[in-house]
Amino acid sequence: MSNNYKENNLKNILHGFFLAVAMSVAEPSTILPLIVHHFSESVILVGVFASLLRGGAIVVQLFAAFYAQTFKRVMPYMRIVFLARFLSWFLIGVAILLIGDKNKTLTLWIFGIGLFIFSFSAGFGSIYFSEIIAKIFNKKERGKSMANRQFFAAIASIISGGIAGWVLSSFEPPKSYAYLFMISAFLLGIGLFAFATIKEPIKENVRVKEKSFKDFLINAFRFLKEDKALQIQILTILFSYSFLLAFPFVILKANNTINLTGWLIGGFITIQMVGALIGNIVWKKLAPFYKKIIIFSFISVILAFFIALFANNAFLYALIFFLVGIAMDGFKISGMNLLFEIASEDKRPIYVALQNNLTSIGLFFGILGGVILKYFGYNALYIFTIIMLFIGLYFATKLKAT
């Protein structure tokens, strides 16, 4: 263990814990679809907003990597990202509270812009975060610390699931949604502050920045063309996002199938995080065997959608959320660490940006899922999702890693 492991591990955990509290408020599989559905009847719009939350940071990551490859330290820029994320999250709550049902279209626009800024700033943040994590932990420590982070993030989401259930049951929408965002913004700030105090080591092996962003892109895609391991890695991660085709709509199907109360919605969030919590105990034991982690994650989420085909009661829906919870954190841990195994220090920001950009197409799968649902129904959507996940599982078995 490195000298500062305990301190850095704690700050990484605190960041993950309070970020999870905030993100549970707009959980793309439960609360977010219900918020959007409150202001609009469009199921396609549900997919759009779920994609906005996760996918606002596309091309910007390559732009961030263009500069980050020359930085010896990235923490000063990370702090600016943190400020943007805090403000955008808080202002979503303010907009819902002050405008709300008075002008539903305007509320949705501000909500969408807020989600985009929150996600867009994360495009820069993900490059800086990867750099910091790679610097302060060695190969084995990274897996353990990220499993610890995600374990406590799951606990945070369980707690916030209970809080969300109480708020949703105690206040009428849209005030309940506004309160959730505003309260969680201040909790998010605690985690952002903790991570911002990490002492980042100086990076010695940096690249000379290309003359233009165009030259950088040419170089980046040359690395992709020449590195077969990177190609398989990116395809595997892209197909791991296939669960997003259908997952945002599971809660809407449940709403049509069972009596969906505020407490049950909060309960599903809690069950999903219990899955994540149990999964992270397993992933921590498996580190640094990240190939096994991603294969098991694919199997878990494939099983979840097989169950979704036949789900007709609260228990089966809870089991779906549980299995997806196990898989989601497995994908997160393995995706980052598998990439670090094939990326040299000087190319690391470029490889991270390439993977995040090319796989971020998957973050918009919810839009395609909404279209499939509208024209072909739930069963067709679930079957298509399962096929896509099996393709991802095939590529996972081809990864050049332990």
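Of the residues Leu277, Leu286, Leu309, which is touching a helix residue (DSSP H, G or I) at 6+ places or on another chain (Cβ under 6 Å) and within 30 Å of Ala229 (Cβ to Cβ)? Step through it out loud before you land on a result.
Working: Leu277 fails: within 30 Å of Ala229 (Cβ to Cβ); Leu309 fails: within 30 Å of Ala229 (Cβ to Cβ).
The unique qualifying residue is Leu286.
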Check: Taking the range 66-78 on its own, how many of its residues are surrounded by 14 or more Cβ atoms within 10 Å (Cβ to Cβ) and assigned to a helix (DSSP H, G or I)?
Finding: 6
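Please pick out the residue among Phe315, Phe340, Phe305, Phe321 that is under 30 Å from Leu62 (Cα atoms) and in a helix (DSSP H, G or I).
Values: Phe315 fails: under 30 Å from Leu62 (Cα atoms); Phe305 fails: under 30 Å from Leu62 (Cα atoms); Phe321 fails: under 30 Å from Leu62 (Cα atoms).
After applying the criteria, what remains is Phe340.
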Note to self: Given the condition over 19 Å from Met146 (Cβ atoms), of a type in the set (S, T, N, Q), open to solvent by 10 Å² or more (accessible area, probe 1.4 Å) and modelled with pLDDT of 90 or more, answer yes or no: does some residue in the range 231-246 qualify?
What the structure shows: yes
Notebook entry, point to check: Can you tell me which residues in the range 97-146 are open to solvent by 60 Å² or more (accessible area, probe 1.4 Å), of a type in the set (S, T, N, Q) and within 30 Å of Ile198 (Cβ to Cβ)?
Noted result: Asn138
Checklist line | Members of the range 14-38 that are at pLDDT 80 or above and open to solvent by less than 20 Å² (accessible area, probe 1.4 Å) | finding: His15, Gly16, Ala20, Val21, Ala22, Leu32, Pro33, Ile35, Val36
Note to self: Condition first: at pLDDT 90 or above and of a type in the set (S, T, N, Q). Now tell me which residues in the range 122-147 satisfy that.
What the structure shows: Ser145
Check: How about the range 178-210: which of its residues are in a helix (DSSP H, G or I) and open to solvent by less than 20 Å² (accessible area, probe 1.4 Å)?
Finding: Ala178, Leu180, Phe181, Ser184, Ala185, Leu188, Gly191, Leu192, Ala194, Phe195, Ala196
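The values are calculated or read from the model by the stated rules, or taken from the named source; none is laboratory data. Remember, it's a predicted structure, so these values are computed and weren't measured experimentally. Every residue, glycine as well, gets a Cβ built from its backbone with ideal geometry; the counts of neighbours run over all protein chains shown. To get the accessible areas, we keep the full protein, side chains included, count just its heavy atoms, and leave off ligands, DNA and RNA. Shrake-Rupley method; radii C 1.70, N 1.55, O 1.52, S 1.80 Å.
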